[in-house]
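This report concerns only the one structure given below.
The values are calculated or read from the model by the stated rules, or taken from the named source; none is laboratory data. No experiment lies behind these values; they were computed from the predicted model shown. Cβ atoms come from the backbone with ideal geometry, glycine included; neighbour counts cover every protein chain shown.
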Amino acid sequence: MLRCTLAVAACTALQLPSTRQQPLTKHAKPPSAKPPSTPPQDPFAAETTRRAALRTTAASIAFAALPAIAKRAPEEQLVWIPVASDVASKPQLAFAQVEKRYGLRFVEYLARILLNYDPASRRWWEARRREAAGASSADQRARKRQQAYSSFVASVELSLARGYLDDAGTAKLFDALSTNVLPRTIAGRRRLAQLGALSTTDLKPTASAVINAQNGTIDRVEVLQGGGGYALKPPPKVSVDFTPTSNKTFFDGPQTNYAENSEAPKFTVKMTPTGKVACGDLISKGGGYDQAPFVKAPPPPLGGTPAKLTAIVQNGSVTEILVEDPGSGYDGGKVVPLIIGPPNRGGLQATATVGWDYAVGEILVESGGSGFNESGTLSLMIPAGAKGQAKAIATLTKGDCGCLNLKRSDFRGNSSDNLLRLLPAGLAPTLRRGRYVIPEVEALEYNQTQQTGVDYVFGTRGLEPVREDEVTLQQYAVLGACGAVCTAAAHVALTPLELVKTKLQTSSATSAVDVTKEIYEEDGLLALFAGWEPIIVGYFINGFFAFGLTEFLKRIVAAQLASDQAWAATVVGSLGAAVVAVAVVTPFEAAKVRIQTLKANPSLLDTWSVLIEERGGWYDGLFGRSLGALIAKDVVFAAFKFAVFDAVRGAILQAYPPAANDALFVSIIAGAVAGACGAVASQPLDTTFARVETAKKGQDTGVFATFRRVVDEEGFDALYAGLAPRMFFAAALLAIEFAIFEALRDAFHVSRDDFAYALDALATAVRTPSAAPALLDSAAQAAAQVDQFGRI
């Protein structure tokens with residue numbers, strides 16, 4: 001709310017539209033464009049309007065800025081991208097590209113960085129942990145967390161594929177992680193260096209990240225030349241040629257020998273006398289001098305050279321003692337008086353002591369600072385002494401830079417959950433020639449073949465990213481229409497098989513070939529399509545509810561279940577849809593069976609009329625006898641139909657991921673297997689339904705009564721009469737159904753990917769910095785100049 005207030009205020013002041021882009025979410029809609037208002041024609045009116053706008057802006061910002069100071073901006077929300085228009089629709093290709101440039105270990109480590117430090121990702125992970133906490137056992141809880149983590153790793157990998165496969169993208173990624181995600185500490189910089197060095201290829205930011213991750217200190221200073229011309233107090237101020245780089249990124253400016261936010265060292269300088277005289281230190285200037293008196297220094301020890309000094313007199317007093325020759329060999333550091341001649345006329349004689357010359361004897365490291373690199377050299381700045389004297393020279397020696405002895409604790413996450421640890425327990429990286437390695441797993445990697453999606457240090461990467469589904473009522477209607485077309489088309493195309501199966505179930509015939517031959521010879525080829533009218537109409541309606549309602553119920557149930565219980569959502573959804581679909585198709589099925597068991601081929605309406613008259617009413621004629629048996633048969637078949645299809649399709653894609661690029665082939669295979677399995681499971685009930693429809697007058701037509709009568713009179717094997725043609729029929733039926741259904745879904749943009757949104761795991765980390773500070777600065781300037789603008 002604050003950002004919006006500031007943006008509106010600033011844009012009002014400048015009379016410009018806001019151009020800041022909001023983070024993309026799956027619910028985001030572009031703002032409607034409004035035509036610009038017509039500017040006022042009166043110049044005075046325009047001036048008054050601008051002045052009022054500026055004053056309003058200043059007041060708005062003044063009030064809006066108060067909560068901005070006291071409250072932190074709201075945390076970014078997760079960003080979801082439609083799968084159908086994204087690399088997530090073809091994850092295998094994206095995985096191959098990312099793993100070729102970065103490697104799986106890089107992706108895993110990046111995922112752990114985000115789960116530890118990116119607020120939006122961390123909130124998502126905490127929600128997954130709470131879901132896993134409801135599992136019944138520790139193994140199930142761990143498995144749920146692992147599944148969520150693996151899917152998140154896949155999301156990170158697909159996010160990298162969207163725009164980070166070149167040097168510019170890598171630079172953007174590293175800069176964003178250092179700026180927005182990782183803490184600006186040595187530990188944070190080490191994690192970034194570890195990330196870059198774990199890649200399978202050399203990345204340009206890696207060298208800079210390694211340098212910034214070092215934390216060297218100044219260990220000692222060696223004085224090579226003490227120089228001269230220095231006083232004992234104060235000693236020269238010594239410092240390192242050190243300029244903080246906190247405003248630079250890893251990729252801006254020249255390479256330095258210290259890390260970002262480094263701390264300058266502190267030194268203590270100890271001086272030592274050079275054995276020379278630097279000056280005369282006046283104690284008393286004296287008085288009555290009319291000319292410069294002589295000045296003598298005490299003689300040096302044997303072998304030394306006496307110093308030569310001259311006094312300067314002004315207004316009868318000695319004001320300064322200059323050194324013409326500093327001499328040498330003196331035992332400096334002691335208080336030694338100078339001999340100064342008296343005034344000629346009995347004035348006050350001046351007094352002074354020797355001012356010794358000092359050099360830099362020793363530089364002690366009081367505080368070694370931090371953030372220095374092990375490579376390169378650092379310059380020690382020592383100011384020059386008196387004019388003409390030699391400058392002191394010293395060199396620096398850096399201590400351990402913290403790269404070769406990283407602590408395991410530096411790479412652990414902030415949670416006790418082992419999936420949040422940046423490195424598993426017991427492992428620590430080692431820097432070798434600018435790249436990190438993990439010695440404990442090197443031998444394992446050399447001796448074993450790397451498996452796709454598996455890293456020996458971190459674990460597995462999911463086959464699919466984190467996804468969320470969102471389907472509108474319009475999309476459900478389109479799904480139902482696709483199901484209606486495919487179901488009706490498939491059933492009509494396979495009517496001959498359905499006819500033969502029904503004849504086998506309701507007559508004494510035992511051979512499908514004999515039945516087919518008999519129908520063809522007696523009534524011709526078109527007779528094999530007997531019952532096509534109730535089939536095409538009934539199964540058009542049936543398919544609408546079977547497919548559309550299954551998708552609807554499956555998603556409702558799935559929202560209440562864990563991800564590893566998706567099969568249960570499919571079963572429950574298909575069972576609920578099957579009941580509705582069977583209810584609407586029952587009158588058509590009753591008519592179909594009656595038509596296919598007769599020699600004649602009456603119309604649908606005529607068949608209904610006969611059934612209503614025979615059975616005593618429209619309900620008993622169209623529903624009463626058939627509904628129970630048909631529900632029992634189709635509910636079992638539908639449960640196997642959708643559950644087996646999803647299971648087989650998932651198994652094929654898991655065993656052979658490239659098959660995702662040939663969805664039609666996968667749908668045909670999965671549909672055929674699902675149809676055969678459904679036929680075997682529902683065959684006894686299908687036979688029971690056929691016997692109910694053809695029961696003689698006076699026979700009990702209940703489902704259980706008919707089932708028992710068939711078993712008692714003909715044996716249990718009679719329930720499986722016509723199984724072979726029905727299995728073939730069901731396999732062909734579902735293969736055709738799902739092939740047409742998947743093709744129609746793609747054509748009308750209601751495929752699985754059209755409903756799905758993939759998590760963009762990097763969106764909140766690599767984000768545009770908040771515009772609030774800039775708006776506040778601009779607003780402050782605008783408010784300060786309101787009166788000036790008003791007078792222009």
Exercise for the section: Among the residues of the stretch 304-314, write down those that are over 18 Å from VAL336 (Cβ atoms) and outside any strand (DSSP E or B). Expected result: none
Practice task
Mind checking which helices (runs of 4 or more DSSP H) fall wholly inside the stretch 470-548 and carry at least 2 residues that are modelled with pLDDT of 85 or more?
Solution key: 473-493
Exercise for the section: Inspect all residues belonging to the stretch 138-147 and state whether any of them is closer than 26 Å to PRO658 by Cα, touching a Pro at 6+ places or on another chain (Cβ under 9 Å) and part of a helix (DSSP H, G or I). Expected result: no
Practice task
Search the stretch 372-401 for residues being modelled with pLDDT under 70 and surrounded by 20 or more Cβ atoms within 10 Å (Cβ to Cβ), and hand back the single one that is nearest to GLY228 (Cα to Cα).
Solution key: ASN373
Handout entry: helices (runs of 4 or more DSSP H) enclosed by the stretch 675-781 - at least 3 residues per element that are under 51 Å from the mean Cα position of the chain (by Cα) and modelled with pLDDT under 80
Key = 752-755
Practice task
Identify, by number, the condition in (1) surrounded by fewer than 16 Cβ atoms within 10 Å (Cβ to Cβ); (2) touching a helix residue (DSSP H, G or I) at 6+ places or on another chain (Cβ under 8 Å); (3) without any contact (Cβ under 8 Å) to a residue 12 or more places away in the chain that PRO183 doesn't meet.
Solution key: (3)
Exercise for the section: Would you please list the contacts, defined by Cβ atoms under 9 Å and residues six or more apart or on different chains, that run from a residue in the stretch 193-217 that is among the acidic types (Asp, Glu) to a residue that is in a loop (DSSP other than H, G, I, E, B) and at pLDDT below 75? Expected result: ASP202/GLY434
Problem - Selection count, the stretch 145-190, where residues are more than 30 Å from SER370 (Cα to Cα) and modelled with pLDDT under 85 - result: 0
Handout entry: Looking only at the stretch 81-137, and only at residues there that are assigned to a loop (DSSP other than H, G, I, E, B) and in contact with a helix residue (DSSP H, G or I) (Cβ under 6 Å, 6 or more places away or on another chain), the one that is modelled with the lowest pLDDT
Key = ALA135
Problem - Candidates SER667, SER682 - the one that is hydroxyl-bearing (Ser, Thr, Tyr) and within 16 Å of ALA739 (Cα to Cα) - result: SER667
Problem - Pair list, Cβ < 6 Å and 6+ apart or interchain, from the stretch 111-130 residues that are assigned by TED's automatic domain parsing to the domain that holds PRO424 and among the small types (Gly, Ala, Ser) to residues that are crowded, with 23+ Cβ neighbours inside 10 Å and modelled with pLDDT of 90 or more - result: ALA111/PHE152; ALA111/VAL153; ALA111/VAL156; SER121/LEU114; SER121/LEU115
Problem - Selection status of TYR149, over 17 Å from PRO424 (Cβ atoms), in contact (Cβ under 8 Å) with a residue 60 or more places away in the chain and hydroxyl-bearing (Ser, Thr, Tyr) - result: no
Fill in the blank from the handout: Output for Cβ contacts, cut-off 9 Å, separation at least six or different chains, first residue free of Cβ contacts under 8 Å to residues at least 60 places away in the same chain in the stretch 227-240, second in a loop (DSSP other than H, G, I, E, B) and among the polar types (S, T, N, Q), reads none
